[in-house]
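> To start, I am sharing the structure in question, which I have written as structure tokens.
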Amino acid sequence: MKEQEISVERLKSGDEKVFRSLFDAYYPALCLFAAHYLKDDSEAADVVQNCFIKYWECRSGFDSLSKIRSFLYTVVHNACLNILRDEKRRQESLGQIPDSLDFHDLVIKEEALRMFYSAVEQLPTQSKRVIQLALDGKRNEEIADELGISKNTVHMLKKIAYRKLKEMLREYYYLVFLLLD
């Protein structure tokens, strides 16, 4: 189920399948967001899971997906800051705690990354694999060797994939690719 298909009404009524779709859509980006603050992937994952539990407990109070998204990011942000304060890491990383401007920049960046990776998942299997390997830093020759295809095929699959990504993300194209630099 895609983000556009997530029904707020079904979430309100306790539909666990729709909740799972919401979780799948936002969990990776929220984990990256939390890890930016905590510098610990495991702790970030715990924070995000707790965030979704808090959402589930008060889900009836939300009437739009944008309010749910805002709630999730705000709860993760606040939980991370509380952890930093509670563990007295604040003195060690005082200059590293993002201010509210950084918070908004991070939310925008994580949303752009989430949209980009969601679009990559929609590519045909071989194109998706080529793009994933390229994002892992592999050169065309390495991708060709790993997939057992020619370097020219890798080049062509990348070209086609980038064209499809540009079309899928046309409204956000410049934002997504600007943030991926």
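The values are calculated or read from the model by the stated rules, or taken from the named source; none is laboratory data. Quick caveat, the model's predicted, so the values are computed rather than measured. The protein model used for the area step is the full one, side chains on, heavy atoms only, and it has no ligands, DNA or RNA in it. Shrake-Rupley method; radii C 1.70, N 1.55, O 1.52, S 1.80 Å.
> I need the phi-derived Karplus couplings for region 55-68: 6.51 cos²θ - 1.76 cosθ + 1.60, θ = phi - 60°, integer Hz, Gly and Pro marked x.
For region 55-68, the Karplus-derived couplings read 4, 4, 5, 10, 4, 5, x, 10, 10, 8, 5, 5, 5, 5 Hz, x marking Gly and Pro.
> When the Karplus curve 6.51 cos²θ - 1.76 cosθ + 1.60 is applied with θ = phi - 60°, which whole-Hz ³J(HN,Hα) does each residue of region 150-156 get, with x for Gly and Pro?
Residue by residue, region 150-156 yields 7, 4, 5, 5, 4, 4, 5 Hz.
> Sort T153, T125 by heavy-atom solvent-accessible area, probe 1.4 angstrom, most to least. Mind showing how you got there, number by number?
Numbers: T153 55, T125 110 Å².
From most accessible down to least: T125, T153.
> Within the set K109/K166; K12/K164; K67/K109; K109/K164; K128/K151; K17/K54, which residue pairs have Cα atoms separated by over 23 Å?
Working: K109/K166 17 Å; K12/K164 35 Å; K67/K109 18 Å; K109/K164 21 Å; K128/K151 16 Å; K17/K54 17 Å.
Violating the 23 Å limit, Cα to Cα: K12/K164.
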